[in-house]
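*Asks:* Here it is: the structure, laid out below.
What follows is calculated from the coordinates using simple rules that are stated; it is not laboratory data. This is a predicted model, so every value here is computed, not measured. Neighbour counts run over all protein chains shown; Cβ positions are idealised from the backbone, glycine included.
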Amino acid sequence: MPRCVAILPDAVADQIAAGEVVERPASVVKELVENALDAEARHIRVELENGGKVRIEVSDDGSGMGREDAVLALDRHATSKVRSAADLVGVSTFGFRGEALPAIASVSRVSLSTSDGSGEGTELTVAGGRLDRVTSVARQRGTTVLVRGLFFNTPARRKFLRSAASETRAAHEAVSTLALAHPQTGFELQVDGSCRLTVPAGQEPAERLASVWGRDLAGTLVPVQYAAGAFRVSGYIQRPGDAQPTGRRTQLFVNGRPFKDPFLVRSAEAGYRAAIHPGDRPSLYLRIEVAPEDVDVNVHPAKLEVRFRDRIGVERVVEEAVRSALGSLVAAVPVGEWRGLPVPGISSDAPAGSELLELAQLFSGEISTPSLEERQESPAGFEASLLQVFDTYILYQGPDGVIIVDQHSAHERVLYEAVLDHLSGAGAPAQRLLLPLTVDLTDEELDALEAHGEDLRRVGFEVEGFGGRTVVLHAVPAPHPRFDAEACFREMVADLARGRFGGWTNRLQRFAATYACRAAVKAGERLSEREMRQLLLRLFATDLPPHDVHGRATIVQLPREELERRFGRR
Ligand SMILES: Nc1ncnc2c1ncn2[C@@H]1O[C@H](COP(=O)(O)OP(=O)(O)OP(=O)(O)O)[C@@H](O)[C@H]1O
Ligand SMILES: [Mg+2]
């Protein structure tokens with residue numbers, strides 16, 4: 001078959017470019033807001049209708065454009081920001097390709113009105129990449145770009161758009177990111193006529209962070225200030241004790257430009273070392289300063305990623321910056337905070353663990369108080385007294401040797417089986433909460449919740465969207481004095497967002513494991529003799545598994561022969 005090599009018509013080339021630059025409404029919002037920032041706007045207003053699928057409008061009070069420039073701006077590779085390849089090194093504006101406006105205009109109906117303040121303004125309308133009309137308008141200095149019917153002429157792309165709620169969240173995220181990067185500029189986001197974000201111009205970075213992330217989260221942060229070699233790192237990171245599995249925010253900047261880099265986030269997390277629970281994800285806001293020639297911002301079509309010349313160096317500095325910020329935090333804790341250190345020689349029959357084993361009455365809602373008979377009764381195999389060592393293991397004499405039980409692992413197994421039994425039956429009875437819990441989640445987590453809401457309901461969580469990033473839990477699986485339903489919910493949603501679950505059975509087991517791990521008595525908790533006995537009773541009522549839900553040993557036996565061999569009796 002003969003092949004024809006042909007130059008693509010401009011309109012097609014623009015649409016292809018648009019695929020890289022314009023993925024969804026959030027990318028349009030990002031490009032238009034960046035243009036407004038480059039035009040040195042003091043106030044930027046973004047309006048969305050139906051997640052941006054129907055209408056996106058971005059207005060600014062920046063420099064604006066004269067008529068000729070405005071017409072040119074819609075041409076491919078028309079940019080006022082870069083003149084030669086050499087300018088690309090250390091470029092400080094957000095735009096430099098001259099691609100965004102024509103790309104957007106090629107897949108939507110755009111109308112742009114602008115004025116540079118010197119005379120009458122200009123209004124242009126473009127549809128599917130073709131300039132339709134140029135008229136004069138009266139308007140103040142600045143620019144308004146109105147984008148309607150995104151992807152109207154590329155139905156295949158339109159199909160990939162998510163729900164309005166999901167597109168709105170992504171656009172919200174894009175505006176928040178830029179608002180964080182530019183505390184001096186005022187931002188407003190309107191979604192279907194209601195205001196989602198307003199931040200005034202002229203804020204300090206810390207103020208801006210509190211306005212965008214919310215005062216609750218901002219109140220859990222500590223400052224970072226660090227310099228080493230060619231890098232400077234500043235910002236705010238979450239105190240270890242406040243980090244949670246869900247709802248975390250991360251924001252990285254290089255030379256004031258927001259970018260994404262999961263590996264650098266991991267380097268920052270490495271700075272926490274053992275200070276956080278392995279499942280917890282601290283919120284991070286880190287600004288990296290580096291010489292412009294040491295970072296390339298032109299490696300990603302939507303400029304979301306950057307490339308550092310000294311990759312290893314920047315990772316190390318970020319980790320160190322986090323570690324040193326946390327180090328000063330620990331030093332700042334008053335000595336009085338270290339109460340509860342064990343005092344050798346004084347045995348305390350602390351009531352700390354006294355309610356723990358009542359957890360075994362999972363989902364039943366009743367709290368058991370064992371009768372005197374029950375207390376004295378022991379299953380065959382551990383009539384001997386029980387000894388707790390290191391507040392972690394229970395020791396007793398079995399028929400053929402010394403038995404050692406890991407208390408956390410044992411309790412976890414007991415709870416795990418109880419939950420699975422319950423769930424594979426009629427489903428978990430949800431218990432309504434008198435005071436609903438509100439939980440802040442990230443966009444990915446909200447998307448996961450949207451996709452798996454039904455599964456979570458089956459498990460017993462009754463969740464309602466609250467608008468923005470907050471959801472409300474009206475009911476949870478069997479609330480219990482010691483069950484941290486919120487932490488459990490957060491962990492499950494975080495897992496869902498990371499796509500760790502397979503099918504429903506897998507999800508069920510995973511839920512049971514998360515539940516059991518969260519509710520079980522921990523290593524290091526003192527147990528009374530009665531509690532140890534109850535725990536063993538319940539453990540031996542299960543199928544006596546040799547290991548726990550993570551595959552670690554639950555029970556270890558030290559055979560009598562082994563003792564005899566070691567003491568030379570055999
Ligand atoms: N809101 C605005 N105010 C003033 N001028 C603008 C505005 N938006 C666009 N322009 C002008 O139009 C030109 C083209 O914008 P466009 O976003 O397409 O390209 P760019 O910003 O130069 O590069 P990039 O494709 O990387 O965004 C800009 O260089 C700028 O001169
Ligand atoms: Mg631009």
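*Asks:* Among the lysines, which have Cα under 30 Å from the Cα of Lys159 when same-chain residues fewer than 8 positions away are ignored?
*Replies:* Lys30, Lys53, Lys260, Lys303
*Asks:* Still on this structure: Hey, fewest Cβ within 10 Å first, where do Tyr285, Tyr515, Tyr393 land in order?
*Replies:* Tyr393, Tyr285, Tyr515
*Asks:* Given a Förster distance of 45 angstrom, what is the FRET efficiency for Ser136 paired with Arg232, based on the Cβ-Cβ distance and rounded to 0.05?
*Replies:* After rounding to 0.05, the efficiency reads 0.40.
*Asks:* A further question follows. Using every pair of alpha-carbon atoms in the range 196-322, split the distances into 10 Å bins beginning at 0 and state the percent of pairs per bin, rounded to integers.
*Replies:* Values per bin, smallest distances first: 12, 43, 34, 10, 0.
*Asks:* Still on this structure, please answer the following. If r is the Cβ-Cβ distance from Phe160 to Lys522 and R0 is 41 Å, what FRET efficiency results, to the nearest 0.05?
*Replies:* 0.35
*Asks:* Can I ask one more? Evaluate the distance, in nm, between pseudo-label points positioned 7 Å from the Cα of His277 and of Gln184 along their respective Cα→Cβ axes.
*Replies:* Inter-label distance under the simple model: 4.2 nm.
*Asks:* Could I ask something else about it? If R₀ is 35 angstrom, what is the calculated FRET efficiency for the pair Asp400 and Ala270, using the beta carbon separation as r and rounding to 0.05?
*Replies:* The value I calculate is 0.15.
*Asks:* Next question, about the same structure. For Phe152 paired with Leu72, estimate the spin-label separation in nm (one decimal), with each label point 7 Å from Cα along the Cα-to-Cβ line.
*Replies:* Output for this residue pair reads 2.9 nm.
*Asks:* Rank the residues Cys195, Cys517 as a footprinting-exposure proxy: fewest other Cβ atoms within 10 Å of their Cβ go first.
*Replies:* In increasing order of surrounding Cβ atoms, one gets Cys195, Cys517.
*Asks:* Further, regarding this structure: May I ask you to sort Phe160, Phe151 by Cβ crowding, counting other Cβ atoms within 10 Å and putting the fewest first?
*Replies:* Phe160, Phe151
*Asks:* Given the convex hull of the Cα atoms of the range 102-176, what is a quarter of its surface area in nm²?
*Replies:* 6.0
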